[in-house]
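Before any comments, here is the structure.
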Amino acid sequence: LNLTSRILTLHFNETVNASSIDLSEILFVENPSLVSGGTSGFGTGEVRLTPGPLPQFSSVSTLPTTTVVVHLGEVDFNAIMLNPYIGSSARATYLHMSTLAVQDMA
């Protein structure tokens, strides 16, 4: 996660169908054992990405690849910056992806 460039880079061991990525299934969390799966927001210790067109919402590359680049929109960037539990350090920020977040090319 690079907050200066507002880019999240995801690396996979095999080629994934980037067009299948569901950004709403990706969360930043302060504690991976406390993923609620519910609505995220300020004070909850998690921020769920919001898919849609830039610049307001986050978008993703669509070509099959092992490296997926997510451009954070204003909504997600502001949610991360305003949440004191997320992004304060690498040790306090985890990425959680559900099994519905991305499909491989198989």
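The values are calculated or read from the model by the stated rules, or taken from the named source; none is laboratory data. None of the values given here were measured: they were computed from a predicted structure. Positions of Cβ are backbone-derived with ideal geometry, glycine not excepted, and every protein chain shown enters the neighbour counts.
Applying the condition of being of a type in the set (Val, Ile, Thr) and touching a residue at least 40 places away in the same chain (Cβ under 8 Å) to the range 1-31 and asking which residue is nearest to residue 72 (Cα to Cα) yields 7.
Which residues, taken from the range 9-22, are assigned to a helix (DSSP H, G or I) and exposed (fewer than 15 other Cβ atoms within 10 Å of the Cβ)? Hit for the range 9-22 is 19, nothing else.
So is residue 73 within 15 Å of the chain's Cα centre (by Cα) and at pLDDT below 90 or not? If you could, list the steps in order and put the result at the bottom.
Numbers: within 15 Å of the chain's Cα centre (by Cα): yes; at pLDDT below 90: no.
So residue 73 fails the test.
Among residues of the range 23-68 being part of a loop (DSSP other than H, G, I, E, B), touching a helix residue (DSSP H, G or I) at 6+ places or on another chain (Cβ under 7 Å) and of a type in the set (A, V, I, L, M, F, W, C), the one that is modelled with the highest pLDDT is 49.
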